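See structure below.
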Amino acid sequence: MELEKIQKIAKLIRYWILKSTTQAGSGHPTSSLSATDLMAVLMFGGTFRFNAKSPKYANNDRLIFSKGHAAPLFYALWAAAGELTTKDLMTLRKFKSKLEGHPTMEFKYTEAATGSLGQGLSIGVGMALNAKFIDKLPYRTYVILGDSEMAEGSVWEAIQLAAHYKLDNLVGIVDVNRLGQRGETMYGHKVKEFAKRVESFGWETIIADGHDLEKIQQAFELATEAKKPVMIIAKTSKGKGVKFIENKDNWHGKPLDKKELARALKGLGQVNTRMRGSLAKPEPVKIRGQKPKKIMPNIRINKDLATRAAYGMSLARIYNKYPDIVALDAETSNSTYANIFKKKYPKRFFEMYIAEQNMVGAALGFSARGKIPFVSTFAAFFTRAFDQIRMGQYSNANIKFVGSHAGVSIGSDGSSQMGLEDMAMFRSIHDSVVFYPSDPVSTDKLVEVAAASQGIFYIRTTRGKTKILYDKKEEFIIGGSKVLYQSDSDVVTVVGAGVTLHEAINAYKELKKKNLIIRVIDLYSIKPIDVKTLLQAATNTKAVIVVEDHYQAGGMGEAVASALAGHGTKVISLCVTKPPHSGTKDELLNYEEINKDAIIKEVIRNK
């Protein structure tokens, strides 16, 4: 498309940005106006290849608005492509409109929900990895970033990894408009400072005037020829096109009122509201996906085995049945046992190094392209990526998180390595599933359940070896539990999972010698929880004791108490209550009073 026509389309896009945000009474017009020329050239200048009638087409280029507050621009672009009406645009930010304040999956051209800054480039990394190493397709991934979010560490994690994997199919575009929410950004309009830093990580950088259409077009053409990741660093003016707010502070996130709008539109001049742009079509490709194959029904276990090891074995076992699986690990694969999968399927494994935020963001990129990412690290380290996990729920993510080294039972490494908040964190995610297997058989089964199911799953694994509790024919389901010991003489119910289930079993055996019988439940599905079984136990016994290697807030005890709310049965929580220290597993379980002896004392107290 000729640049003269793109200039007219850019004016139309500005017109829509201003009209829609004033109509909404909120939004970020100035942040949208600064990037308008960049995005108009990208979409309608022949660089961006996309079949708008088939948004999920495998070889479409991908466009991620990491600066999600520029949503008015995002929607106006698709209106200019003929995919939204003016009436649609005027529903911006209205209840039940698909055009939300920041892009969500309600709008069919959204690649991932954005708005929490610093995440888009990581998502782009995942999509670019998928294109280059898994699907082997020529599509490119474009990510538009704001200059403010370049202060986020997750951006630099993504920049670092993209260079490591030589992602020449990834193009970042930094809209350097100088002004953040409350004033000037760290580097203002010093575009060379951005270039110097990005180049030092191994990227190619292109500095451009973000309002010169010819220079922008040249930048995109150069980007398609690069042999490494490219960052286009564009100097722009916030509020470009509206002279009385252009490059002025204190206009972030403020729409124009009706009088100001009239003044701004007069300044824009004549606008052709019927003009539309056209998108270049992607290259037609044949997708050669792998067909599912038969697999062994179980992992081979002939001795006590840590559930973290069972995870690695299970992932390798089920891959042929679920060939969309990819594994990502944060330089802990010899501890999480993801290295078992890595050794067997090295082309499906991605080392993400110690950069958990980027790892989770990249997993979302894989998920958006139809893959099933299994993401592993120590349970404690997922907490630093919680914002990425949180945003994943709004992107309809299909990601399986596996956290090893959970709880004080890891022993002498000490508190920094102990995941004691992880169940609370993952339970808080909407529609998430949280599994806590207690033996290698249940781990194996639950890993496959997660692979076969859509959504965000968390599997909590244990460092130490565990005894086999179940026959290989045993079935495990989402929202289920297992009653290991049950009789008409049960006085108290003890609920455990992971290491504490084995402590409960040992307590059962010792109490039985004293003719004191307890019911023992393996609560392997923490969320959703097996309310029916718990209610039955609460009806049949005097109290329910929940034992967990986790802090009380958000843990199993609270989950059980919630399930039994209003029943009247006493629910007692034995959990980690003291700041943990280095020590042996047995010393720490005793110190926190979540071992066999603590269970026995509590049962006797409530018999």
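Readers should treat all values here as calculations from the given coordinates under stated rules, not as data from a laboratory. Just so we're clear, the structure is a prediction, and the values are computed from it rather than from any experiment. Positions of Cβ are backbone-derived with ideal geometry, glycine not excepted, and every protein chain shown enters the neighbour counts.
Using θ = phi - 60° in the Karplus curve 6.51 cos²θ - 1.76 cosθ + 1.60, the 3J(HN,Hα) couplings for the stretch 586-594 round to 5, 4, 6, 5, 5, 4, 7, 6, 10 Hz; x is entered for Gly and Pro. Computed on the chain, with alpha-carbon pairs under 8 angstrom and 6+ residues apart, the relative contact order is 12 percent.
When a footprinting reagent is the concern and you count Cβ atoms within 10 Å, what order do 246, 558 take, fewest first?
Final ranking by Cβ density, sparse to dense: 246, 558.
For the stretch 186-204 versus the stretch 251-303, the inter-centroid distance based on Cα atoms is 26 Å. Cα centroid separation, the stretch 58-100 to the stretch 592-607: 58 Å. In terms of surrounding Cβ atoms within a 10 Å radius of their Cβ, 105, 43 rank from fewest to most as 105, 43. Give the aspartates and glutamates whose C-alpha is closer than 18 Å to that of residue 53, dropping any in the same chain fewer than 8 places away, or say none. Excluding near neighbours in sequence, the set is 61, 83, 88, 106, 111, 283. Counting only alpha carbon atoms, the long axis of helix 596-605 and the longest principal axis of the chain meet at about 70°.
Using 0.36 nm times the number of residues separating residue 540 and residue 87, minus their current alpha carbon distance, what extension gain do you get?
157.0 nm
Taking amide H as placed 1.01 Å from N in the peptide plane, residue 326 has its amide H under 5 Å from the amide H of 372, 374, each at least 5 places away in sequence or on another chain. Farthest towards the positive end of the charge dipole of the chain, among the residues 298, 154, 202, is the Cα of 298, using unit charges on the Cβ of Lys, Arg, Asp and Glu.
Spin-label model, residue 290/residue 607: points 7 Å from Cα along the beta carbon direction are separated by 5.6 nm. Scanning residues 5 or more positions from residue 404 or on other chains, those with amide H under 5 Å from its amide H are 377, 378, 379, 461, with H placed 1.01 Å from N in the peptide plane. Short-range pairs are left out: with C-alpha atoms under 8 Å and at least six residues apart, the relative contact order of the stretch 170-225 is 21 percent. Label-to-label distance, residue 512 versus residue 224, with points set 7 angstrom from Cα along the beta-carbon direction: 7.2 nm. Working note: Karplus 6.51/-1.76/1.60 with θ = phi - 60° gives the stretch 569-583 the couplings 6, 5, 10, 10, 10, 9, 8, 6, 10, 10, x, x, 10, 5, x Hz, where Gly and Pro are set to x. For residue 570, nonlocal amide neighbours, meaning residues 5 or more places apart or on other chains whose placed amide H falls under 5 Å from its own, are 544.
Here the chain is treated with +1 on each Lys and Arg Cβ and -1 on each Asp and Glu Cβ, and its dipole about the Cα centre works out to around 1540 debye.
Between residue 321 and residue 578, residue separation times 0.36 nm minus the direct Cα-Cα distance comes to 88.1 nm.
Relative to the longest principal axis of the C-alpha atoms of the chain, give the angle of the C-alpha long axis of helix 153-164, reported between 0 and 90° and rounded to the nearest 10°. So the helix axis and the longest Cα principal axis differ by about 80 degrees. Extension gain, residue 94 to residue 108: 0.36 nm times the residue separation minus the Cα-Cα distance gives 3.3 nm.
For the pair the stretch 393-467 and the stretch 484-519, the centres of their Cα atoms are 24 angstrom apart.
Spacing of the modelled spin labels on residue 331 and residue 413, each 7 Å from Cα toward Cβ, amounts to 1.4 nm. Only one of (i) 44, 29, 21; (ii) 52, 30, 20; (iii) 52, 25, 21 was calculated from the structure for semi-axes √(5λ) of the Cα gyration tensor in Å, and its label is (iii). Once the C-beta distance of residue 262 and residue 468 is scaled by a Förster radius of 60 Å, the resulting FRET efficiency is 0.20 to the nearest 0.05. DSSP finds beta bridges in the chain, and of those with both partners inside it, around 10 percent are antiparallel. Residues of the stretch 413-439 falling in the label zone of residue 304, defined by backbone nitrogen less than 19 Å from a point 7 Å along Cα to beta-carbon, are 413, 437-439. In order along the stretch 15-23, the phi-based Karplus estimate (6.51 cos²θ - 1.76 cosθ + 1.60, θ = phi - 60°) of 3J(HN,Hα) comes to 4, 5, 4, 5, 5, 5, 6, 5, 4 Hz; Gly and Pro are listed as x. Kirkwood analysis of the Cα pair distances in the stretch 306-466 returns a hydrodynamic radius of 15.1 Å.
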